[in-house]
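Please treat every number below as a calculation from the coordinates, not as lab data. Small disclaimer: the values here were computed from a predicted structure and weren't measured. No Cβ is skipped: glycine too gets one built from the backbone with ideal geometry, and neighbour counts run over all protein chains shown.
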Amino acid sequence: AETSQPDSTTVDSPSGAQCPVRLDEQFFQDPYATYTALREAGRIQRVSLPQGTHAWMVTHYADVRTALAETHLSNDVGAGREAFERNRDPDKPPVKWDPALSSHMLNSDPPAHTRLRKLVVKAFTARGITHMRPRTEGIAAALLDDLAQRAADGDGTVDLIGDFAFPLPITVICELLGVPDTDREAFRDWGSTILSASPPDVIAEARSNMGQYMASLVAAKRAEPAEDLVTSLIEASEDGDRLNDRELVSMVFLLLLAGHETTVNLIASGMLALMQAPDQLAKLAADPSLMPRAIEEFLRLESPVNVPTVRHTTAPIELAGVTIEAGDLVLAPLCAANRDPGKFPDPDQLDVTRDTAGHIAFGHGVHYCVGAPLARMEGEVALRALLTRFPDITLAVDPSDLRWAHSTTIRGLKSLPVRLS
Ligand code: HEM
């Protein structure tokens, strides 16, 4: 495999086709056009990430799924530093590795991964989160009261993200973990910066702020234990010396970030899709029992995680018909897989009655999303409450004015202006 590619807008795919492959502003606005072009050109290509790193990318459903289950594709970002170095543009700064917040399950492979995941998996099972449903309904109702008030006080339009889709999941995850609600806005900024394509020094500063906050949170819970997940993680670590301080802080960081940066977009992108397809909105309104199925369709159509953790090969592998040597990087975009017409007919259409079995919005393999039951519950509660209270909700701007986050990891709108009635 090549170790680097020229800084151009097109490269040869192994199948010989010329494809646009830079993951840039145009890509953030509409990744699907790029994915369709790549998928039609061949099964695998080399692409460049905004930070100047080059990687292999697959876009067919079956290949994405295979990549996510491949045991020689590692998530261990620390051990993979050489691969990142080797695949970097020589004129770009080295990719910084900051272990302070990175020693978590999503960045580790079995057996370390297995040990870390075991500590929290029970808290997030469908049974483990049942007690959160009534609480989530209460949070949604209170937010909708505020939303109605804000619309009445202003010109009738509100930002569905800032005023509803964001505060809902962050309140839920903060309550589960035991994080006081005073610092949520700061969190939002740090979180979205960390997951964005911002310059390395900006990301480093956000990580540093987040790291200091996490460390002080853990210290506070140590001093004053409570009935929450951070306290039980501290107890688990003191019990059997199973989590060191860095792992503990990284775990809390991962749960907070994963718990709010994704679900916000399930709610917002789901609502956007409905407002753009009034027939589907009417179908759902007529038969609310369709909601769980609709949630799966929103996850498929506009998957909140676009490109999951960049994996590196620890040995040569066969993927999508080519041999990739050890020490290369591989991208397996979920947004591409979930719109592969070979798997989901008419993939760009919202169909709330669609059979979405096999969609991989929550990933696949050992890293399959721990929070999936919580995210599904939050999505259902949020959209049901919203549609019951404001059945005539409409988009308040032209769809072409909507802006999507500058991130290859997260697929989500920056804001969603709506008119409630
Ligand atoms: C992992 C998606 C909500 C916690 C993942 C992965 C995906 C994903 C795709 C795998 C990433 C990879 O393989 O690189 C989503 C989506 C969500 C959501 C689409 C919302 C709609 C949540 C929530 C939590 C959470 C609410 C709450 C704690 C995690 C954790 C992992 C993870 C801890 C790492 C699992 C591991 O490494 O074994 N998620 N997630 N997620 N998610 Fe979620």
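Would you give the gap between the C-alpha center of the stretch 60-117 and the C-alpha center of the stretch 359-405, rounded to a whole Å?
Cα centroid of the stretch 60-117 versus Cα centroid of the stretch 359-405: 27 Å apart.
For a quick check, take a GNM of the chain with Cα springs below 10 Å and name the residue from 68, 243, 272 with the largest mean-square fluctuation.
243
Using Cβ counts within 10 Å as a stand-in for footprinting exposure, how do 369, 335 rank, fewest first?
Numbers: 369 19, 335 23.
The most exposed by this proxy come first: 369, 335.
Under 10 Å, Cα contacts only: if you run a Gaussian network model on the chain, which one of 286, 315, 357 comes out with the highest mean-square fluctuation?
286
If you filter the stretch 315-420 for GluC sites (Glu not before Pro), then keep DSSP loop positions with at most 14 other Cβ within 10 Å, what is left?
Hits after loop and neighbour filter: 325.
For the stretch 199-340, just list the percent of Cα-Cα distances falling in each 10 Å bin from zero outward, please.
Each 10 Å bin holds this share of Cα pairs: 9, 23, 23, 27, 15, 1.
Could you go through the stretch 328-336 in sequence order and give the Karplus-derived ³J(HN,Hα) for each residue, using 6.51 cos²θ - 1.76 cosθ + 1.60 with θ = phi - 60°, rounded to whole Hz, and x for Gly and Pro?
Once rounded to whole Hz, the list reads 9, 9, 10, 10, 10, x, 6, 5, 6.
How much FRET efficiency would the formula 1/(1 + (r/R0)^6) give for residue 353 and residue 223, where r is the Cβ-Cβ distance and R0 is 60 Å, rounded to 0.05?
0.70
Compute the semi-axes of the equivalent ellipsoid of the stretch 10-419, taking the square root of 5 times each eigenvalue of the Cα gyration tensor, and list them largest first in whole Å.
32, 29, 19
Among 411, 135, 188, which one shows the biggest mean-square fluctuation in a GNM of the chain, springs joining Cα atoms closer than 10 Å?
135
Rounded to the nearest 500, what is the chain's calculated 222 nm mean residue ellipticity when only DSSP H runs of at least 4 contribute -39500 (n - 2.57) each, over all residues?
Working: 16 runs with 193 residues, N = 421.
About -14500 deg cm²/dmol.
Taking a temperature of 10 °C and a viscosity of 1.306 mPa s, what whole-number D in µm²/s does Stokes-Einstein yield for the stretch 125-216 with Rh from Kirkwood over alpha carbon pairs? All intermediate terms of the calculation are to be shown ahead of the outcome.
Values: Rh = 15.2 Å.
Answer from the Stokes-Einstein relation: 105 µm²/s.
The chain: longest stretch without exposed chymotrypsin sites (Phe, Trp or Tyr not before Pro) (DSSP loop, at most 14 other Cβ within 10 Å), sites themselves excluded? Write down the numbers at each step before the final one.
Values: sites that count: 97, 368.
Answer - 98-367.
Step through the table entries 343/414; 92/343; 96/343; 122/283, compare each Cα-Cα distance with 31 Å, and write down the pairs that go over it.
Beyond 31 Å between Cα atoms: 92/343; 96/343; 122/283.
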